[in-house]
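**Q** My structure is below; once you've seen it, I'll send some questions.
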Amino acid sequence: MADPSSYRPKPGQIPDSPGVYKFRDEHRRVIYVGKAKNLRQRVANYFQDLAHLHPRTRTMVTTAASVEWTVVSTEVEALQLEYSWIKEFDPRFNVKYRDDKSYPYLAVTLNEEFPRVQVMRGAKKKGVRYFGPYGHAWAIRETVDLMLRVFPVRTCSAGVFKNAARTGRPCLLGYIGKCSAPCVGRVTPEEHRELAEDFCDFMAGRTGTYIRRLEKDMMQAAEEMEYERAARLRDDAGALKRAMEKSAVVLADATDADLIAVAEDELEAALQIFHVRGGRVRGQRGWVTDKVEAVDTSGLVEHALQQLYGEERGDAVPKEVLVPALPEDTEAVSQWLAERRGSQVSLRIPQRGDKKDLMATVQRNAQQALGLHKTKRASDLTTRSRALEEIAEALGLDTAPLRIECYDISHLQGDDVVASMVVFEDGLARKSEYRRFQIKGFEGQDDVRSMHEVIGRRFKRYLQEKERKGEWEEQPTGTPADGPAPIGPVPGPALAADPAVGDAEPTAVAEDTEPREDDGRPKRFAYPPQLVVVDGGQPQVAAAKRALDELGIDDIAVCGLAKRLEEVWLPDDDDPVVLPRSSEGLYLLQRIRDEAHRFAITYQRAKRAKRIRTSPLDDVSGLGETRKQALIKHFGSVKKLRQATIDEICEVPGIGRRTAESVAAALASTTPAAPAVNTATGEIIEEDDGGSS
């Protein structure tokens, strides 16, 4: 635990202008971001007597090891920069709201030639118009089904659309009148886009125009004795009215507004947001957060506004935002919202009438959400704490292992040997810090040797990062001693990458390259665990411990979990530690081990699939995918192509003699693979098109 006086800036060094400040821990990781009208006054508050600080603030300043700041010209710029840094650095002591579910939206893909109406979840995409969020996807589908009578917009996937265009036959919705069938040319792209825009206008709350138009057309058709057409128009108007009834009028003045309510206790807070468009509730969502910083209701509202509108532009920011408490700097926040909308935004507390009554409803929803969240989480917190304590007791650790890393080796009969590293912090998966490795030191199957290599590479990188931090301590750059810190990476000493430490990022990210400069972002291997778990028994544990010993690391515990009897093995112990089958600690170790196995085998299968899909034709310079497919289609398989002469290859359209010679040379230099055999029938399976040879 650091003494704040050890990194306190000198008197008069901090400017008294607006700005944003960052606290960093001993690993140079940004742990807190804040903004201030007056940096000198705000930052100085953190360095008063610890007894006078809020317990959460006290924890933050004793965890930190340095503070730096950036001066900006206005308070609105400070608000924007604070939001950007919180999003970029993910500080552990900043309030961050998380959705209690993945809410579905009704989306219209106006960025396509033929816009499509569909249900969407996740991050919003540019050029797509969103409505919602909704509580359930079925609510969206019911609404869309009613509205397609009047606005027959395409709802099919790209594959179905292309297939209908190829065959000249629309899908079922096209036949029953719930799609205008642009796939077969029944409407032009312009006419279909106009339908999609009318759909969006109706969903945005401009409903009266369309219903009046339908009723007028219905009366005119009846006068002209076109009774079938009049009946269809009557049914269309009824469908639109039923769609409107699904969201009752809550504000009589057809207001566009977002209402935000907060329910909180000492440890947690829950937010509920109602999206009102055209006087009707068009969407609802709920957020929850741990109060990891000392923050009141106005601070929670400000954080919510940043997260809610930080990525939004235009009409996505409503004209009116109703809140239970105004942010500390209401004028700056209102100006920031107005810039994002492009026009004035009213940020206020409702005082009377329908809006106050609706806010009370939103508040009740927030209270219920907080109660439900605490009910769900109480057992989880207790269970995780008990599991970590049981692990510490069983392994003889001084404290509970708050960060656990688990490693697993995966291969298929010695081919495509890979390894995984998964990270659990406070008993929960930290997927952003998962890593995966290719075994590079040797060929073939040897799990023990592979484990030694992976542990060595991972902690060699940790030592390199630790060495870099030592250089930082000797020659600090961009700290308060040198003035305000710049935005972005701080100049510092570069470190050449070790070719032996080329580890791939999690999921589908590029291979590891030269370490980045010290900019506060989480490093790949910068933080040590309290416990390393390996998937395996005594040999794998011994290999992992040997790798740590060779690097001089003696403050990280190691254990292994063997699958056969679920025994926990410790280094240098001849007998395993047997945890009770009902132990929460054993269950947590099993979850971590299974997650490492899942992550490893997923990577191994992806590598194997990529290798199987390779072809000798891939090595022919200048031979693109189109001409490769033409060759395979002409000859039927790589095997028959290998048997062809250069003149026969030249007969393929688009293949010249020089290319044909290159193809023949590439195929001649490869050895045909042994024929595959169907083990059930004994039949020899012919080589498939484009397969390996």
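**Q** Quick check on the range 329-348. Is at least one of its residues of a type in the set (Lys, Arg), in a helix (DSSP H, G or I) and open to solvent by 30 Å² or more (accessible area, probe 1.4 Å)?
**A** At the first step, the residues of the range 329-348 found to be of a type in the set (Lys, Arg) are 340-341, 348.
Among the residues that remain, those that are also in a helix (DSSP H, G or I) are: 340-341.
With the extra rule that they be open to solvent by 30 Å² or more (accessible area, probe 1.4 Å), the set shrinks to 341.
Yes - at least one qualifying residue is present in the range 329-348.
**Q** Of all residues being aromatic (Phe, Trp, Tyr) and in a loop (DSSP other than H, G, I, E, B) in the range 130-156, which is surrounded by the most Cβ atoms within 10 Å (Cβ to Cβ)? Just the residue, please. It would help to see each step written out before you state the result.
**A** Keep residues of the range 130-156 that are aromatic (Phe, Trp, Tyr), which gives 130-131, 134, 138, 151.
Filter once more, keeping what is in a loop (DSSP other than H, G, I, E, B): 134, 151.
Values: Tyr134: 21, Phe151: 23.
Only one residue tops the list, namely Phe151.
**Q** On to the next question. Would the range 628-645 turn up any residue that is open to solvent by less than 30 Å² (accessible area, probe 1.4 Å), assigned to a loop (DSSP other than H, G, I, E, B) and modelled with pLDDT of 85 or more?
**A** yes
**Q** Just checking, which of Gly177, Gly127, Gly159 is over 28 Å from Arg280 (Cα atoms), open to solvent by less than 80 Å² (accessible area, probe 1.4 Å) and without any contact (Cβ under 8 Å) to a residue 24 or more places away in the chain? Step through it out loud before you land on a result.
**A** Details: Gly177 fails: without any contact (Cβ under 8 Å) to a residue 24 or more places away in the chain; Gly127 fails: over 28 Å from Arg280 (Cα atoms).
Residue meeting the stated conditions: Gly159.
**Q** May I ask you to list the residues in the range 32-60 that are touching a Pro at 6+ places or on another chain (Cβ under 8 Å) and closer than 11 Å to Glu293 by Cα?
**A** Our first condition is that a residue be touching a Pro at 6+ places or on another chain (Cβ under 8 Å); within the range 32-60, this holds for 32-33, 35-40, 43, 46-47, 50.
Across the range 32-60, the qualifying residues are Tyr32, Val33.
**Q** Starting from residues that are closer than 24 Å to Ala600 by Cβ, open to solvent by 30 Å² or more (accessible area, probe 1.4 Å) and touching a strand residue (DSSP E or B) at 6+ places or on another chain (Cβ under 8 Å), keep the ones in the range 396-415 and report whichever is modelled with the lowest pLDDT.
**A** In the first step, residues of the range 396-415 are kept if they are closer than 24 Å to Ala600 by Cβ; the result is 401-415.
Next, only the ones that are open to solvent by 30 Å² or more (accessible area, probe 1.4 Å) stay: 402, 411-413, 415.
When the remaining residues are screened for being touching a strand residue (DSSP E or B) at 6+ places or on another chain (Cβ under 8 Å), the result is 402, 411.
Numbers: Leu402: 84, His411: 75.
Checking each candidate, the answer is His411.
**Q** Here is a further query. Would you check if there is a residue in the range 540-548 being touching a residue at least 12 places away in the same chain (Cβ under 8 Å) and more than 28 Å from Ser432 (Cβ to Cβ)? Give the steps one after another, and end with the answer.
**A** Of the range 540-548, the ones touching a residue at least 12 places away in the same chain (Cβ under 8 Å) are 540-548.
Still in the list and also more than 28 Å from Ser432 (Cβ to Cβ): 542, 546.
Yes, there is a match, as at least one residue in the range 540-548 is touching a residue at least 12 places away in the same chain (Cβ under 8 Å) and more than 28 Å from Ser432 (Cβ to Cβ).
**Q** Determine if the range 13-33 includes at least one residue that is farther than 26 Å from Leu267 by Cβ and among the basic types (Lys, Arg).
**A** Yes, the range 13-33 has at least one match.
**Q** Please work out which one of (1) modelled with pLDDT of 85 or more; (2) closer than 30 Å to Val422 by Cβ; (3) in a loop (DSSP other than H, G, I, E, B) is the condition Ala600 fails and give its number.
**A** With (1) modelled with pLDDT of 85 or more; (2) closer than 30 Å to Val422 by Cβ; (3) in a loop (DSSP other than H, G, I, E, B) applied to Ala600, the lone miss is (3).
**Q** Kindly check whether there is at least one residue in the range 58-79 that is of a type in the set (Asp, Glu), touching a residue at least 40 places away in the same chain (Cβ under 8 Å) and either closer than 22 Å to Gln307 by Cα or open to solvent by 10 Å² or more (accessible area, probe 1.4 Å) (or both). Working first, answer last.
**A** First, pick out the residues of the range 58-79 that are of a type in the set (Asp, Glu): 68, 75, 77.
Restricting the remaining residues to those that are touching a residue at least 40 places away in the same chain (Cβ under 8 Å) gives 68, 75, 77.
Next, from what is left, pick out any that are either closer than 22 Å to Gln307 by Cα or open to solvent by 10 Å² or more (accessible area, probe 1.4 Å) (or both): 75, 77.
Yes; the residues of the range 58-79 include at least one that is of a type in the set (Asp, Glu), touching a residue at least 40 places away in the same chain (Cβ under 8 Å) and either closer than 22 Å to Gln307 by Cα or open to solvent by 10 Å² or more (accessible area, probe 1.4 Å) (or both).
**Q** Out of the range 272-310, which residues are farther than 20 Å from Gln367 by Cα, open to solvent by 30 Å² or more (accessible area, probe 1.4 Å) and part of a helix (DSSP H, G or I)?
**A** The answer is Gln307, and nothing else.
**Q** Which residue, of Ala78, Ala44, Ala65, Ala51, is more than 30 Å from Arg141 (Cα to Cα) and touching an Asp or Glu at 6+ places or on another chain (Cβ under 6 Å)? Write out each step before concluding.
**A** Numbers: Ala78 fails: touching an Asp or Glu at 6+ places or on another chain (Cβ under 6 Å); Ala44 fails: touching an Asp or Glu at 6+ places or on another chain (Cβ under 6 Å); Ala51 fails: touching an Asp or Glu at 6+ places or on another chain (Cβ under 6 Å).
Just one listed residue meets the conditions, Ala65.
The values are calculated or read from the model by the stated rules, or taken from the named source; none is laboratory data. What you see is a predicted model; the values in this text were computed from it and never measured. Note that each Cβ is placed from the backbone with ideal geometry, even for glycine, and that neighbours are counted across all protein chains shown. Side chains are part of the model used for accessible areas, which takes the heavy atoms of the whole protein and leaves out ligands, DNA and RNA. Shrake-Rupley method; radii C 1.70, N 1.55, O 1.52, S 1.80 Å.
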